[in-house]
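Here's the structure, in structure tokens; my notes come after.
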Amino acid sequence: MSDRIIPFDPDRRARRTRDPDTPASRQRPPVPRVPDFARADATWLQARDIAFLLEIDGHDPDDASLITEGIPPALEALLEREGVAARVAGETGGWLNISPHLYFHVMLRRLLPAPGNYLQRRVIRYLANLLSLFVRTDRLYRVQPGEDESFEYLVDLLAEAAESEPERQFLVHAHLGNYALYLAGIGRGWVEYRRRYGRSALGLDYYQDMGRRAYRQAAEHRLARELELQPVFNYLSQQFDRYADALLRLGTARAPSGN
């Protein structure tokens, strides 16, 4: 797997970039029917992921009849096996041909208590998809792909939400929550470093509070209900610290070789 976890880069300068001569609306794609971050369903496995799981389970990965898009219950159960987690974590060596989504999904399951209900499974799927998007730094700093404007300060995202039309506002609140969770988890070392050495007065509690509030605001939007994300956002708001801690541990994990 060639994609890797991208830590927050302290050398990048905070900015909110846009060509001042071009209206923002002309540089923004329309709000999609299903935003890229809104994938928390059970149909995310790629054919190569299914082949990988079947091979670990002793099946012939070249059997085309077994390789279908989706995630039937038998494969869902495979995701929870320790052997799968050990292989994905790189403990057994070897080259992996899996998607970033599968990598993050398995690692999150390993770092979190076993999901006890459907909502907790959806939250893991949501976060695995989100992290598979955020491995690309360009996506980390943008409300949605294809935009020219980038944001590195949470306060700028807050101002953007206040200035936006309702549908755009939903995207901004969701991104603010996602970005704050990333910084409170994988980027926590950077946050604590800046606070410790006087480069910022903002501590971890700032990112936690901003993230909780943003997820709560996103959950209240009509689009959250239409996308069936309201329970996911509410749960992330309530359990923000728990998932940030899991991302902190994930940030120290070594991704295995692969493509």
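The values are calculated or read from the model by the stated rules, or taken from the named source; none is laboratory data. Computed from a prediction, not measured in an experiment: that's the story for all the values here. Because the Cβ atoms are built from the backbone with ideal geometry, glycine has one as well, and the counts that use them run over all protein chains shown.
The residue list 54, 66 contains one member that is hydrophobic (A, V, I, L, M, F, W, C) and at pLDDT 55 or above, which is 54. Kindly list the number of the only condition in (1) on the phi < 0 side of the Ramachandran plot; (2) surrounded by fewer than 14 Cβ atoms within 10 Å (Cβ to Cβ); (3) of a type in the set (Gly, Ala, Ser) that fails for residue 198. Unmet condition: (1).
In summary, residue 153 fulfils each of the numbered conditions (1) surrounded by 14 or more Cβ atoms within 10 Å (Cβ to Cβ); (2) touching a strand residue (DSSP E or B) at 6+ places or on another chain (Cβ under 9 Å) with the single exception of condition (1). Within region 182-189, is even one residue surrounded by fewer than 19 Cβ atoms within 10 Å (Cβ to Cβ) and touching a Gly at 6+ places or on another chain (Cβ under 9 Å)? Among the residues of region 182-189, at least one is surrounded by fewer than 19 Cβ atoms within 10 Å (Cβ to Cβ) and touching a Gly at 6+ places or on another chain (Cβ under 9 Å), which makes the answer yes.
Quick one: is residue 168 of a type in the set (Lys, Arg) and crowded, with 19+ Cβ neighbours inside 10 Å? Against the criterion (of a type in the set (Lys, Arg) and crowded, with 19+ Cβ neighbours inside 10 Å), residue 168 qualifies.
The test for being farther than 30 Å from residue 76 by Cβ, outside any loop (DSSP other than H, G, I, E, B), in contact with a Ser or Thr (Cβ under 7 Å, 6 or more places away or on another chain) and without any contact (Cβ under 8 Å) to a residue 60 or more places away in the chain does not hold for residue 155. Take the conditions (1) within 22 Å of residue 177 (Cβ to Cβ); (2) in contact with a Lys or Arg (Cβ under 7 Å, 6 or more places away or on another chain); (3) assigned to a helix (DSSP H, G or I); residue 131 misses just one of them, which is (2).
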